[in-house]
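Here the structure is laid out as structure tokens; the discussion comes afterwards.
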Amino acid sequence: MKNQSYRNVNENPCNMCMPMGGILPFKGIERSMVIIHGSQGCSTYMRRHIAEHFNEPIDVASSSLNEKGTIYGGEKNLKQGLDNLIKLYNPGMIGILTTCLAETIGEDIDRIAAEYKAERGLDRLPLITVPTPGYGGAHSEGYWLAVKRIIASVAEKTRLHSRVNVIVPNISPADIREIKRILQLMKVDYTLCPDFSDTLDRPFVKPYVKIPEGGTRIEDIAAMPGAPVTIQMGVTVDEGMSPGKYLEEEFGVPLVNVPIPMGVRATDAFLDTLRHLTGRERPDILEAERGRLLDCMIDSHKYNFQGRSVIFGDPEIVYAVASTCMENGIYPVVAATGSKGAKFSEAIKKILAGCPDETDILNEADFTGIREKSRQRGANIAIGHSDGKFLTEREGIPLVRIGFPIHDRVGGQRLLSVGYTGTGMFLDRVTNTLLERKHSNYRAAMYEKYYTGTA
Amino acid sequence: MAIDDKTLEAILNEFPAKVKRSRKKHILIKNSDAGPQEIEANTRTIPGIMTNRGCAFAGCKGVVLGPLKDMVHIVHGPIGCAYYSWMTRRNKAKSEDPKKNFLSYCVSTDMQESDIVFGGEKKLARMIDDVVEIFNPNAITISATCPVGLIGDDINTVARLAREKHGINITAYTCEGYKGVSQSAGHHIANNGLMENIIGQGELEEPPAKYTINILGEYNIGGDSWEVERVLKEIGYHVQAVMTGNGSYEDLKNAHIAQLNLVQCHRSINYIASMLETKYGTPWLKVNFIGIRATIESLRNMAQYFGDEALIKKTEEVIEKELMEIEPQLEPYKKICQGKTTFCFVGGSRGHHYQGLYGELGIKTVLAGYEFAHRDDYEGREVIPNIKPDADSKNIPDLHVLPDENRYRLKIPAERMEELKKKIPLSYYAGMNTTMQDGSIIVDDLNHYETEEFIRILKPDIFSSGIKDKYIPHKMGIPSKQLHNYDYSGPYAGFRGAVNFARDVSMSFITPAWNFIVPPWKDKPLLEGSIEQCSEGVCPVDDDKK
């Protein structure tokens, strides 16, 4: 097989497209809806995949462009789509995402959105445009760009206040809830954006409402420029897409970029940041959770140390998982993302510095490339989203699911992996997967190796 | 509770006036006294209305081409569409040669911004070279996504040159997502391409067996085709090609030799069925292998077509044997399901097919519809001459075929054909409307708002549709049954499939999890009286249904 860099084929992709990622942050803003300007298939396909991950209704509108629109432009469709969306959902904010189609025919969505607001007298309804052509980047880039555009469109110069900005990447609703719990335990006032902890993992409540309760409040986003600091879990985010960087440059809000608090060091770092801010020490409850995580790591080390991991997915998650694996001797032999971005390689190299074996770092990877490297490097545990099942099917490498999308198992939205407690739960999933693999064959392997000498 | 014109009016009043006028034409209340009722279908989707419809690419690559297992299906475009159509329909396939099954591969040119600016033809050509080298497939298809047509990549020429270079069948499908009004356009494009480039390319001149048939419009979701083929083989049929579930290029290229084409999903494959009749003289029979009665009727119609006494006898024997096996198994499920109601909203034929199976379990379909069907799928093929072509349907050219000079054969004498047409649905589909009960709702291109409103009013016991809308009823306290991908279950076709379906549907009614969840309308007592307290978190539920 040819060298990865010379191949023209993307074979079994490790990423989705930009508008897919752009939808998710809008789902974390209070009473927000999204319309995708393009063929209706884009919206349908993405809703399908997001619904399968979160097990929730995912309403995303489409301007349903057709052949006529490709010639005369899609302005009429988009405006009609907005009319219907507003009538049926009465949203507090609408995200307008573009697609391959809209960008290729050169739709000026900023102009259309501005005109629409003026025509309909909707001065107070934020219409947030995000240019997300499918060829413009992976879903991770779409996510960050959408967060940045939401903040940039709504944020206003405000008087200083004490609420800390917390910007989170595409982690699970359970993870977001855990981060909020930690912030509360540290008695920190915060604005967390985007907060899809309730909206994409809604409790069963009556009656059913079309737009779920929860999400970051728009007035809180507007006040983000008055925050004392922005804590952004985005060490791999390129500066051009970084919402925290935007708040720093435009409004002078100091930016602290931290990794997702996963593993001892990263969680310590997150809590240290909060300690510096508040002057408050970790409360006993978190101290105990930290102690339990250490206890878990010690108890499991003899199994974990045998793990050789292949890690893949969104850059920020790969970074966090890799650093957790490093702390536990589950040394990564392959770390891969379908995204491209210089910062990922640079950042992850630093945390992999102590790895006894060199790690193969793959940018813009597909699963055929990841599989090839995993086989060469003798990986025995895969950690990442569902599409890694290809590695299990073809190479017998068991998969621990984390990240997005998880479409072949339920509960992706409930997977907890951050903070001391979440890290412990994640580690148990990894350790038990290694143990299951061991128990499935170790008696036979020993018998053959030591007794019959046939192995 | 039923829905009358007034209630319907109230539901639609929530829409802006123009939308209301349009949607009104897409919804019928079945009334057999009113004569044939006309419904609007296959027209443009209203923007922003939260439709369930997909695009031409989804219909072409995702539905029709995707299941062909020994071919590599290249998606020419940015990565998203390839990813989203990767193993998402759960069409199963097993290959005799494991090296010739490429269904688990997603192969894309992954176009970047520079490809959009400078064109992607060269990249596609290089990629085909790689695909031939890496996979060595029996054939290759290339499906276009939106930007390809817009930037003017000539994928047909790239395919032709590659075909000459590599000496294998390589064909291109210009199924950009913006074409047509739904996935239906993509089915048509794929039908044209398969007919033009693959079917009839094989060298067989005579049918390999006495009763050689093709199954059209069967996609082997959850193994449906395997259950159907099991029964057909036992009766003595030889299945030449399945289009396209578990299908292959190798079988498809000789599909011209069949003596009869069975059409399961009328919407997605009727073009090929008609063209095969014109070109090779092979009649097509509308069958339905979902539901026990429908399966039996389909098998009897097939036997009648061939008209062979031994075949007719064998058919009855197999039916009897199968019924003896499944009837006792079905009994307990029928007791659970009796008296329940359902919605049945699927793509282009299952919305109709599943009503019979539901009915056999004692479940009444109170609302049904299609995502992307045409008027003939509702009203029957007799309306086809009355369907006015519009700008969107004209964009998908009809492929005009002529009788093949060497291979056209009358399969049965013309006189007998006319005789048979009176008895069995040869070259005919009667549509969904005829089988619906009076007062039930028929709705085309159902959207999320209407779904919610219809549920509130009709209060079905189960909702059958797909993954995009199934979580709405869940949140409203109603179980769902996915009829697109079967919730990872199946097969549901044929005799044994009916038992699987009955089991899965019954499970939804009796799982204790629902005891904690009461649909909103069941909170309100229908009779005056005292309300018992819940004990230990377990609420008495469904008392009115016991």
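At a Förster radius of 30 Å, what calculated FRET efficiency corresponds to the Cβ-Cβ distance of residue B:97 and residue B:156, to the nearest 0.05? Walk me through the intermediate numbers first.
Working: r = 30 Å, r/R0 = 0.99.
Plugging the Cβ-Cβ distance into 1/(1 + (r/R0)^6) gives 0.50.
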Checklist entry - Over chain B, what is the mean sequence separation of C-alpha contacts under 8 Å (at least six apart), divided by residue count, expressed as relative contact order in percent? => result 18 percent
Checklist entry - Near residue B:422, which lysines are there with a Cα under 20 Å away, not counting those fewer than 8 places off in the same chain? => result B:286, B:411
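To the nearest µm²/s, what D does Stokes-Einstein give for chain B at 25 °C and 0.890 mPa s, using the Kirkwood radius over alpha carbon pairs as Rh? The partial results should precede the final answer.
Values: Rh = 24.7 Å.
The Stokes-Einstein estimate is 100 µm²/s.
Helix-only mean residue ellipticity at 222 nm, chain A, DSSP H runs n ≥ 4 weighted -39,500 (n - 2.57), per residue, nearest 500. What is it? Kindly include the intermediate steps, with their values, before the conclusion.
On the way: 17 runs with 211 residues, N = 455.
The helix contribution divided over chain A gives -14500 deg cm²/dmol.
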Checklist entry - Using modelled backbone amide H atoms (1.01 Å from N, in-plane), which distant-in-sequence or interchain residues come within less than 5 Å of residue A:166's amide H? => result A:191, A:192, A:193, A:231
Item to check | Pairwise centroid distance, computed over Cα atoms, of the range A:167-216 with the range A:217-256, Å | outcome: 19 Å
Checklist entry - Dipole of the protein assembly as shown (Lys/Arg Cβ +1, Asp/Glu Cβ -1, origin at the Cα centre): which of A:293, B:387, A:221 lies farthest to the positive side? => result A:293
Checklist entry - Considering amide H positions built from the backbone, and no H for Pro or chain starts, which residues 5 or more places from residue A:361, or on another chain, come under 5 Å of its amide H? => result A:335
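Looking at chain B, send over the antiparallel percent of its DSSP beta bridges, to the nearest 5. Could the numbers behind the result be given before it?
Numbers: 7 of 47 bridges.
Roughly 15 percent of the beta bridges in chain B run antiparallel, per DSSP.
Which value, in debye to the nearest 20, gives the size of the charge dipole of the range A:284-443 about its Cα centre, when Lys and Arg are +1 and Asp and Glu are -1 at the Cβ?
420 debye
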Checklist entry - Between residue B:278 and residue A:295, what is the spin-label point distance in nm, taking each point 7 Å from the Cα along the Cα→C-beta axis? => result 7.7 nm
Item to check | Among beta bridges that DSSP assigns inside the protein assembly as shown, antiparallel share in %, nearest 5 | outcome: 10 percent
Checklist entry - What accessible surface, in Å², does a 1.4 Å probe find on residue A:172, ignoring ligands, DNA and RNA and rounding to the nearest 10? => result 10 Å²
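Hey, any idea what % of the protein assembly as shown's accessible area is carbon plus sulfur with a 1.4 Å probe? The partial results should precede the final answer.
On the way: 19550 of 38320 Å².
So the carbon and sulfur contribution to the accessible surface is 51 percent.
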Checklist outcome for this item: Ordering A:37-43, B:62-68, A:429-435, B:305-311 by per-residue average of other C-beta atoms within 10 angstrom, highest first, gives A:37-43, B:62-68, A:429-435, B:305-311
Checklist outcome for this item: Rounded to the nearest 10 Å², the accessible area of residue A:245 using a 1.4 Å probe with every protein chain kept is 50 Å²
Checklist outcome for this item: Per the charge dipole of the range A:18-154 (beta-carbon charges, Lys/Arg positive, Asp/Glu negative, Cα centre), the residue among A:112, A:54, A:36 reaching farthest to the positive end is A:54
Checklist outcome for this item: Charge dipole of the range A:8-98 built from unit charges on the beta carbon (Lys, Arg +1; Asp, Glu -1), centred at mean Cα; most positive-end Cα among A:8, A:63, A:82 is A:82
Checklist entry - What are the residues of the range B:139-181 that lose 40 Å² or more of accessible area, with a 1.4 Å probe, going from their chain alone to all protein chains? => result B:146, B:150, B:178
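Past 23 Å, Cα to Cα, is the threshold; run B:99/B:122; B:210/B:233; A:148/A:389; B:92/B:475; A:148/A:187 against it and keep the listed order. If you can, show how the numbers build up before the last one.
Numbers: B:99/B:122 28 Å; B:210/B:233 12 Å; A:148/A:389 33 Å; B:92/B:475 30 Å; A:148/A:187 27 Å.
Long pairs (Cα-Cα over 23 Å): B:99/B:122; A:148/A:389; B:92/B:475; A:148/A:187.
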Checklist entry - Let a ≥ b ≥ c be the square roots of the eigenvalues of the Cα gyration tensor of the range A:164-278; is it rounded (a/c under 1.5), or, if not, prolate (a/b larger than b/c) or oblate? => result prolate
Checklist entry - Tell me: how much accessible area in total is hidden between A and B, 1.4 Å probe, Å², nearest 100? => result 6300 Å²
Checklist outcome for this item: Buried by partner chains in the range B:26-53 (accessible area down by at least 50 Å² vs chain alone, 1.4 Å probe, heavy atoms, protein only) are B:44, B:47, B:48, B:50
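Take the Cα atoms of chain A, build their convex hull, and give its volume per residue in Å³.
On the way: hull volume 70.3 nm³, N = 455.
Value for chain A: 155 Å³ per residue.
With runs of 4+ DSSP H residues as the only contributors, calculate the mean residue ellipticity of chain B at 222 nm using -39,500 (n - 2.57) per run, divided by the residue total and rounded to the nearest 500.
-12000 deg cm²/dmol
Note down the net charge around residue A:308, summing +1 for each Lys or Arg and -1 for each Asp or Glu among other residues with Cβ under 10 Å from its Cβ. Intermediate values should be presented prior to the final figure.
Details: positive: A:377; negative: A:357.
Net charge in that neighbourhood comes out at 0.
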Item to check | J(HN,Hα) series, the range B:79-90, from Karplus relation 6.51 cos²θ - 1.76 cosθ + 1.60, nearest Hz, glycine and proline x | outcome: 5, x, 4, 5, 4, 5, 9, 8, 6, 8, 9, 6
Next on the checklist: Tell me the per residue accessible area of the range B:56-178 using a 1.4 Å probe; a whole number in Å² is fine.
Outcome noted: 34 Å²
Item to check | Net dipole in debye of the range B:1-131 [+1 Lys, Arg Cβ; -1 Asp, Glu Cβ; about Cα centre; nearest 20] | outcome: 200 debye
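Is the range A:284-443 rounded, prolate or oblate when judged by the Cα gyration tensor, a ≥ b ≥ c being the square roots of its eigenvalues, rounded requiring a/c under 1.5 and prolate requiring a/b larger than b/c?
Details: a/c = 1.39, a/b = 1.22, b/c = 1.14.
Because its axes are fairly even, with a/c under 1.5, the range A:284-443 counts as rounded.
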Checklist entry - What number comes out for the charge environment of residue B:157, summing +1 per Lys or Arg and -1 per Asp or Glu over other residues with Cβ under 13 Å away? => result 0
Next on the checklist: Nearest 10 degrees is fine. How inclined is helix B:266-280 to the longest principal axis of chain B, computing both from alpha carbons?
Outcome noted: 40 degrees
Next on the checklist: When a/c reaches 1.5 or more, the comparison of a/b and b/c decides; with that in mind, is the range A:18-154 rounded, prolate or oblate per its Cα gyration tensor?
Outcome noted: rounded
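If the only charges are +1 at each Lys and Arg Cβ and -1 at each Asp and Glu Cβ, what is the size of the charge dipole of chain B around the Cα centre, to the nearest 20 debye?
Working: 65 positive and 74 negative charges, 54 e Å.
So the magnitude is around 260 debye.
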Checklist entry - Largest first, how would B:189, B:455 line up by accessible area (1.4 Å probe)? => result B:189, B:455
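As an exercise, use a Förster radius of 22 Å and the Cβ-Cβ distance of residue A:90 and residue A:198 to find the FRET efficiency, rounded to the nearest 0.05. Show your work: numbers first, answer last.
On the way: r = 19 Å, r/R0 = 0.86.
Approximately 0.70, to the nearest 0.05.
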Item to check | Nearest-0.05 FRET efficiency for residue B:428 and residue B:400, computed from C-beta distance (R0 25 Å) | outcome: 0.70
Checklist outcome for this item: Expressed as a whole-number percentage, the relative contact order of chain A with C-alpha contacts under 8 angstrom and at least six residues apart is 17 percent
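The values are calculated or read from the model by the stated rules, or taken from the named source; none is laboratory data. Predicted, not measured: the structure shown is a model, and the values here were computed from it. Glycine gets a Cβ as well: all are built from the backbone with ideal geometry, and neighbour counts include every protein chain shown. The protein model used for the area step is the full one, side chains on, heavy atoms only, and it has no ligands, DNA or RNA in it. Shrake-Rupley method; radii C 1.70, N 1.55, O 1.52, S 1.80 Å.
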